[in-house]
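Asks: This is the structure I want to talk about, given as structure tokens.
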Amino acid sequence: MTRAAQIGTYVEAEHDVALRGRRLPVSHTMWSVRVASRPLARAARTLPRTQVSWTRMIASRTASLPLEAMPVPCVDQHELRERRVKADFQRLESGEMDEEKEILGPEPSYTKVVSGYELFTYENDFPLDYGSTLPGFQIAYETWGTLNEARDNVILLHTGLSASSHAASTPENTAKGWWEDFIGPGKALDTNRFFVICTNVLGSCYGSTGPSTPHPLDETGSPYATRFPVLSIFDMIRAQFLLLDHLGIDQVYASVGSSMGGMQSVAASHLFTDRVQRVVSISGCARSAPSGIALRYAQRSVLMSDENWNRGFYYGPDKAPPHKGMKLARQIATITYRSGPEWEQRFGRQRRSLLRDGESVSLRAPALCPDFLVETYLDHQGEQFCLKYDANSLIYISKAMDLFDMTDEALSELGETRMLAHGDDGHLPIEPMKHVRPRTRPHITTIKHPGAHAYVPALARGLSRVQVPVLIIGVQSDILFPVEQQREMAECIRMNGNPNVMYYEIDAPHGHDSFLIDVANVGGALKGFLN
């Protein structure tokens, strides 16, 4: 490009900036382009006086305009990290942004768990709801407390999507667990009274069989990758109860879970009505809503469009995981885990550069990279997570969440699929409907108005087998599992004549992550219910 053309380009840019807010005829914009083809002085002689003065002003300012693109150090850092990941992602430490620790606020403790758990191995074929069969599996689990002589003090703790079995520290693994403040002597899950068992769900990557596990029928020992079968929440529960059988445990004092774990706790009571004595569902649901499905689909989409994903076959010494896609997926997820009011309190509209050096003009200039503190927070969360968890596990488990639906129509469809594939193996998710007792008293009325969801009667019928005491907790600021989902679940269970439904609604600012952070409210309600 000639110097005249460069000047013309910046003249046009400055023309737009200088006249911000004024709408001019098209000829004025075209004039700035034509100037590029001849010297500015010559152009000025042919223009009106107002345009001559404007041209001289622009000509005097073009010398200070940059000819290079704005630097984007975040892209440089990402490209460097991509090269490091490809070089040796097995030993790469994730999470390097420590400089803003003081503004990050309360955060759950998630670690990449590679040891400290026990393994249960099931060596028989394991039929799955959607027609496939696993040739055996392993389940990683950890325990806290002491199993009593009657073996009836068991709390089965279910995890969220990306959590490991490491819910609290143990002598084998002293790192803080994701529910550290809820498990222990005198805490919500009181280990002086209860024997707590937490498993890493089937399909995950922290010790249990999942897509990253070597395929037992592959002679090369390569991982399943996308040859791993689609799972249901019910499949995860059946695997957990096979573990309980192995441990000689027949009765579960309470099935406790949050988020996806809340789905599992309800599914456990539905499948094993005679073995589960209580149900706790925190920020969960009985039917994945379209909004939640859409949010998880967006995460899978950005992940699967990363070229490193390679249709799921990214394992091996000469390959690298989809770091970029995982980071973006986690950023989307983080937006759904927290709330706008909390971020307003923590970050507001503050910019990172102004905190570092308020006197520097260059640092005050807006950046294309993370600039607002909320942007740096999302960038930190994405980078911290992207190499801790297996991308295929995220895809498979989030899909299992989407498929979860406790309406009787959905259960019947799933039962028919399982029946066609495996026959009546005693593990169908539904059976002929029994007589439903009439509702004894009103509870929550928000879903009883004329605009109530049409699926509510079907959901009530699907939940008819949940006749044990139930605790349901919802959080008003939760956008991933909106509080209406917990309200309708409590209402539907009560509609079936179950009088022992306790419902708490928490006004906490932390959104969906409140179940990990709000020890006083969540832990207090849980402890009271179990006592």
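The values are calculated or read from the model by the stated rules, or taken from the named source; none is laboratory data. Please read these numbers as outputs of a predicted model, since none were measured by experiment. Positions of Cβ are generated from backbone atoms using ideal geometry, with glycine treated the same way; all protein chains shown enter the neighbour counts. Quick note on the areas: whole protein, heavy atoms, side chains included, nothing else; ligands and nucleic acids left out. Shrake-Rupley method; radii C 1.70, N 1.55, O 1.52, S 1.80 Å.
Asks: State the percentage of accessible surface on segment 466-509 attributable to carbon and sulfur atoms; use a 1.4 Å probe and exclude ligands, DNA and RNA.
Replies: Roughly 54 percent of what the probe reaches on segment 466-509 is carbon or sulfur.
Asks: Here's a follow-up. Would you mind checking Lys187/Lys324; Lys324/Lys527; Lys176/Lys527 for any pair whose Cα atoms are more than 32 angstrom apart?
Replies: Over 32 Å apart, Cα to Cα: Lys187/Lys324; Lys324/Lys527.
Asks: Right, something else. At what distance in angstrom do the alpha carbon centres of segment 264-325 and segment 115-157 lie from each other?
Replies: The two parts, judged by their Cα centres, are 19 Å apart.
Asks: Now for a different question. Can you give me the long-range amide H partners of Glu505? Hydrogens built in the peptide plane at 1.01 Å from N, cutoff under 5 Å, separation of 5 or more residues or another chain.
Replies: Long-range HN contacts for Glu505: Gly474.
Asks: What accessible surface, in Å², does a 1.4 Å probe find on His510, ignoring ligands, DNA and RNA and rounding to the nearest 10?
Replies: 30
Asks: Is any residue of segment 212-240 close enough, with backbone N under 17 Å, to a label point placed 7 angstrom from the Cα of Asp125 along the Cα-Cβ axis, and if so, which?
Replies: 216-218, 229-230
Asks: Let me ask something additional. So what's the gap between the Cα centers of segment 326-349 and segment 188-215, to the nearest angstrom?
Replies: 27
Asks: Roughly how much of Leu428 is accessible, in Å² to the nearest 10, using a 1.4 Å probe?
Replies: Only protein atoms counted, so the area is about 40 Å².
Asks: Taking the Cα centre of each part, how many Å lie between segment 378-435 and segment 490-531?
Replies: A separation of 23 Å, based on Cα centres.
Asks: Let me ask another. Starting at the first residue of segment 129-136, write each ³J(HN,Hα) from the Karplus equation 6.51 cos²θ - 1.76 cosθ + 1.60 with θ = phi - 60°, in whole Hz, x for Gly and Pro.
Replies: 4, 8, x, 7, 9, 8, x, x
Asks: Next question. Rounded to the nearest 10 Å², what accessible area does Asp306 show when all protein chains are kept and the probe is 1.4 Å?
Replies: Here the residue's solvent-accessible area equals roughly 10 Å².
Asks: Another question, then. Rg and Dmax of segment 221-327, Cα atoms, in Å?
Replies: Rg, Dmax (Cα atoms, Å): 17.8, 50.
Asks: Going by average Cβ neighbours within 10 Å, how do the peptides 183-190, 315-322, 122-129 rank, with the highest at the top?
Replies: 183-190, 122-129, 315-322
Asks: Can you sort Thr133, Thr220, Thr407 by 1.4 Å-probe accessible area, starting with the largest?
Replies: Accessible-area ranking of Thr133, Thr220, Thr407, largest first: Thr220, Thr133, Thr407.
Asks: With each pseudo-label sitting 7 Å past Cα toward Cβ, what's the Asn148-Gln476 distance in nm, one decimal?
Replies: It is 3.8 nm.
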